[in-house]
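The values are calculated or read from the model by the stated rules, or taken from the named source; none is laboratory data. Predicted, not measured: the structure shown is a model, and the values here were computed from it. Cβ placement follows ideal geometry from the backbone for every residue including glycine, while neighbour counts extend to all protein chains displayed. For the accessible areas, the whole protein counts, side chains as well, though only heavy atoms, and no ligand, DNA or RNA atoms are used. Shrake-Rupley method; radii C 1.70, N 1.55, O 1.52, S 1.80 Å.
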Amino acid sequence: MVLFVLAAFTVLLILSLMGDWHFSVSALAVVPVIGIIFGVREYVRYCALSRQLALRCMFYERGLDRLRGEWRALEVTGEEFARRSHLYQFDLEVLGDRSLFALLCTTRSQVGATRLAAFLLDPVDLEETKARQEAVRELRGATALREEISLLGKYQFQGCNAAALHHWLNTPELRVHPAIPIFLFAGGLAILLLAILCLAQFVSWMQVLPILVPLVLAQAAVSAPLLREVRSRLRALQSLKNEFAVLQQGLQLLQRQSFTSSKLKGLVNQSRESNAALQIRKLEHLLSGIVQREKEILALPSLLTAAGTQLVLAVERWRGANKDRLKQWIDCWAELEALSAIACYAWEHPDDGFPEFVSDAVTFEAEGLGHPLLPSEECVGNDLTLDASTRFCILSGSNMAGKSTLLKAVGLNAVLAYAGAPVRAKRVRLSSFYVCGSNSISDSLLDSKSKFLAEAERLHAILQQTELERPVLFIIDEILSGTNSHDRRIACESVVRALVAGGAMGILSTHDLALTSIADLPELSGMNRCMESDDPADPLNFDYRLKPGPAHHSSALAILKMIGINTQELVASKGS
């Protein structure tokens, strides 16, 4: 561009020196115009660079927030992806504020976020899990690719809305006679050419009107029956204009990649075989035309040539030819983004290892198992083994000793493992499980449910899962705490017997030491573990370590005293 401006300026200068005075002034007057064009071009270029710089800074700032443990402040919670009657999504803090999803979600598009949620919530077989893990291992060090993904699109609000695309793809097709689009195109082209000839004064308007008026009326007559459908689709398509930019650029980026893992190679081949990026680019041009026709300068020509109808029909033809493939392209990009987000988590947690999967036994073995949402320097690891000889663990102990944290660590690490991610442990070896949790059950005034009823319904749902082929991994916190000790003991034993008979394994916690005797029944193959202080004189001195056997100490009175409620003084004052 610079060379072009210099050359043009030189030519104009020479011509001005060779010509008369009037020509010199006219020629030199063109120079500011060239300067303005050059300035506008540079302004647009630097605006694009500044937008990219802002996106790049946001990418690194968010990464630093995660590394500093400040990711809780991010707005993404994943609650919009919640499944109805899901058995662990909120119990294990997979979704919601300060959740696993909030930590993992570094996707650029909404379809990618939707797929990431599916990775964390929906069960898959071990073959798919192993394929995910292989892909995550390869993408773990692909920091440049993740940065390029974060820069996709022109604006941050261009997010490829999954719900909007799904709704559009499932809208009934607008069917017309094949001759109508041809007639509208030919008629519109003729009207446009006649108008240009008149404006250029090659012919007069009076000469053209006898041809122009019938053409416009014919266009209107053909378009009129489609008017209602066309208007509704124009509104829908205008809202879709910004939904394809990230997808198109993302697929273009994907087509340039070279991978070795089978899953990633399949994604690249799928996008290359159908030339997905080019096809979506064609759709973007049509959608851009729909938006541009709304501008005042184009409103009348668009109306006379039935441009809106023509564009809607062109989009419908594109959708008819590419509907199924577009679903595959969206699926392809969503898969890559979800895998890339998990790989980003793996990169930022280098000390976490990938689990080993087994198919010849039902087992959950972990060494140094910790909670993945805790900072690594604050996380205490514990060993836990569940297998044919030990089907379940009853965890008793003090308040604030870490029981609930350990239960969630078991469930969350299983969820991470099946998503293909590394786990917070030195070593994990597990088989295929359906994870079920009962950790955050509360009463519901709107549903007229007490806490006990709500928990009983959740336990019933878990028991129903044991009737399916996949073994259940249950995580139950404070089982049936809303009833008296006698009824609780009988009910808990019945539930545990049913879970074990259904092939389930798991861990459950309780403060009621009467329940610990259930683990001593030899036919159930259970074990007792506890979490408490080793110092009877200081019951709040917790080390958050699993210890053999049931609990021996309580911290309730010490906790009350810590916050200013001295029970001994209260009893003494009552007695006096």
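Quick rundown of the values:
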| quantity | calculated |
| --- | --- |
| Total residues in the stretch 70-126, condition surrounded by fewer than 16 Cβ atoms within 10 Å (Cβ to Cβ), in a helix (DSSP H, G or I) and modelled with pLDDT under 90 | 2 |
| Meets criteria (small (Gly, Ala, Ser), at pLDDT below 85, in contact with a helix residue (DSSP H, G or I) (Cβ under 6 Å, 6 or more places away or on another chain) and surrounded by 12 or more Cβ atoms within 10 Å (Cβ to Cβ)) for residue 159 | yes |
| One residue from 167, 177 being within 30 Å of residue 221 (Cα to Cα) and open to solvent by 80 Å² or more (accessible area, probe 1.4 Å) | 177 |
| Verdict on residue 353 being open to solvent by less than 20 Å² (accessible area, probe 1.4 Å), in contact (Cβ under 8 Å) with a residue 40 or more places away in the chain, touching a strand residue (DSSP E or B) at 6+ places or on another chain (Cβ under 9 Å) and not basic (Lys, Arg) | no |
| Pick from the stretch 492-512, criterion of a type in the set (A, V, I, L, M) and open to solvent by 30 Å² or more (accessible area, probe 1.4 Å), ranking: nearest to residue 430 (Cα to Cα) | 501 |
| Among (1) more than 18 Å from the chain's Cα centre (by Cα); (2) of a type in the set (D, E, K, R); (3) loosely packed, with under 14 Cβ neighbours inside 10 Å - the single one residue 130 does not satisfy | (3) |
| Failed item, numbered, when residue 409 is tested on (1) hydrophobic (A, V, I, L, M, F, W, C); (2) open to solvent by less than 10 Å² (accessible area, probe 1.4 Å); (3) in a loop (DSSP other than H, G, I, E, B) | (3) |
| All positions within the stretch 243-269 that are in contact (Cβ under 8 Å) with a residue 60 or more places away in the chain and open to solvent by 60 Å² or more (accessible area, probe 1.4 Å) | 249, 260, 262 |
| In the stretch 127-156, residue nearest to residue 55 (Cα to Cα) [restricted to those that are aliphatic (A, V, I, L, M) and modelled with pLDDT of 95 or more] | 139 |
| Residue among 401, 388 that is over 32 Å from the mean Cα position of the chain (by Cα), of a type outside the set (D, E, K, R) and buried (at least 24 other Cβ atoms within 10 Å of the Cβ) | 401 |
| Count of the stretch 513-547 residues which are among the acidic types (Asp, Glu) and surrounded by 17 or more Cβ atoms within 10 Å (Cβ to Cβ) | 1 |
| Qualifying residue in the stretch 361-376 (condition: polar (S, T, N, Q) and open to solvent by 50 Å² or more (accessible area, probe 1.4 Å)) | yes |
| Sole exception among (1) hydroxyl-bearing (Ser, Thr, Tyr); (2) open to solvent by less than 20 Å² (accessible area, probe 1.4 Å); (3) under 23 Å from residue 550 (Cβ atoms); (4) part of a helix (DSSP H, G or I) for residue 340, by number | (3) |
| Any hit, the stretch 492-507, residues being among the polar types (S, T, N, Q) and either part of a loop (DSSP other than H, G, I, E, B) or touching an Asp or Glu at 6+ places or on another chain (Cβ under 6 Å) (or both) | no |
| Residue satisfying condition, being over 26 Å from residue 140 (Cα atoms) and open to solvent by less than 60 Å² (accessible area, probe 1.4 Å), within set 281, 293 | 293 |
| Search result, residues across the stretch 176-206 that are without any contact (Cβ under 8 Å) to a residue 12 or more places away in the chain and not in a helix (DSSP H, G or I) | 177, 178, 200, 201, 202, 203, 204 |
| Restricting the stretch 504-527 to residues that are small (Gly, Ala, Ser) and under 27 Å from residue 470 (Cβ atoms), the residue that is nearest to the chain's Cα centre (by Cα) | 506 |
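To keep it simple, each residue is scored yes or no on (1) open to solvent by 30 Å² or more (accessible area, probe 1.4 Å); (2) hydrophobic (A, V, I, L, M, F, W, C); (3) modelled with pLDDT of 85 or more.
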{"residue": "446", "(1), (2), (3)": "yes, yes, no"}
{"residue": "452", "(1), (2), (3)": "yes, yes, no"}
{"residue": "457", "(1), (2), (3)": "yes, no, yes"}
{"residue": "473", "(1), (2), (3)": "no, yes, yes"}
{"residue": "485", "(1), (2), (3)": "yes, no, no"}
{"residue": "488", "(1), (2), (3)": "no, no, yes"}
